[in-house]
């Protein structure tokens, strides 16, 4: 059986060691290299020519999506699967557009991880059913006729609703399973699209337009 040559890219050594140990027991995978940041990942890929790169999405400096785009431009035959702690639809779509053939969350069980990766050899994408559903929902949303609030994405409307409920960035991040950095970017985009200067103005504008309804701080999302 020909083994798939695997390059592990993650800035946490312990996580890399765990993956390497898992693959050491598999007859169809062989770890040929490890990297802890974007530049070393690209250098290792050029030198080792792996079949598969397991790429952490949050790397020091250039992130995993950006380095995936560069890697696929240089080595289009290499299969890239993103590994992340973020169950984030926007990151998923960015990764797929960058050329990744998979997007898996790090809390996945080892048996499912191996099953997803083996599916790649059959031409399947390494994406959970939940994430595949999100991709379909995004395609449906883009195909729907424009609504008055269409300038804001569904995720931005979710963030705006929680801003109106007076949640902090940290609380919004926890509620939507995002990073605080991602929440800040969403709020920045919302203010830019609405041509407003403050969170309060954005929340008031959303309520006036009927996009969101006033809610108490402790209310759960609808």
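The values are calculated or read from the model by the stated rules, or taken from the named source; none is laboratory data. On a predicted model such as this, the values are computed, not experimentally measured, just so you know. Every residue, glycine as well, gets a Cβ built from its backbone with ideal geometry; the counts of neighbours run over all protein chains shown.
Worth a mention:
- The residues listed here are 122, 118; of these, the one that is surrounded by fewer than 16 Cβ atoms within 10 Å (Cβ to Cβ) and part of a loop (DSSP other than H, G, I, E, B) is 122.
- Qualifying position, being touching a strand residue (DSSP E or B) at 6+ places or on another chain (Cβ under 6 Å), closer than 16 Å to residue 12 by Cβ and modelled with pLDDT of 95 or more, among 83, 54: 54
- Residue check, residue 192 modelled with pLDDT under 90 and part of a loop (DSSP other than H, G, I, E, B): no
- Against the list (1) at pLDDT below 90; (2) under 30 Å from residue 183 (Cα atoms), the condition residue 12 fails is (1).
- Considering region 157-193, the residues that are within 18 Å of the chain's Cα centre (by Cα) and without any contact (Cβ under 8 Å) to a residue 12 or more places away in the chain include one that is farthest from residue 86 (Cα to Cα), namely 185.
- Test: residue in region 62-78 that is without any contact (Cβ under 8 Å) to a residue 24 or more places away in the chain and more than 29 Å from residue 46 (Cα to Cα): no
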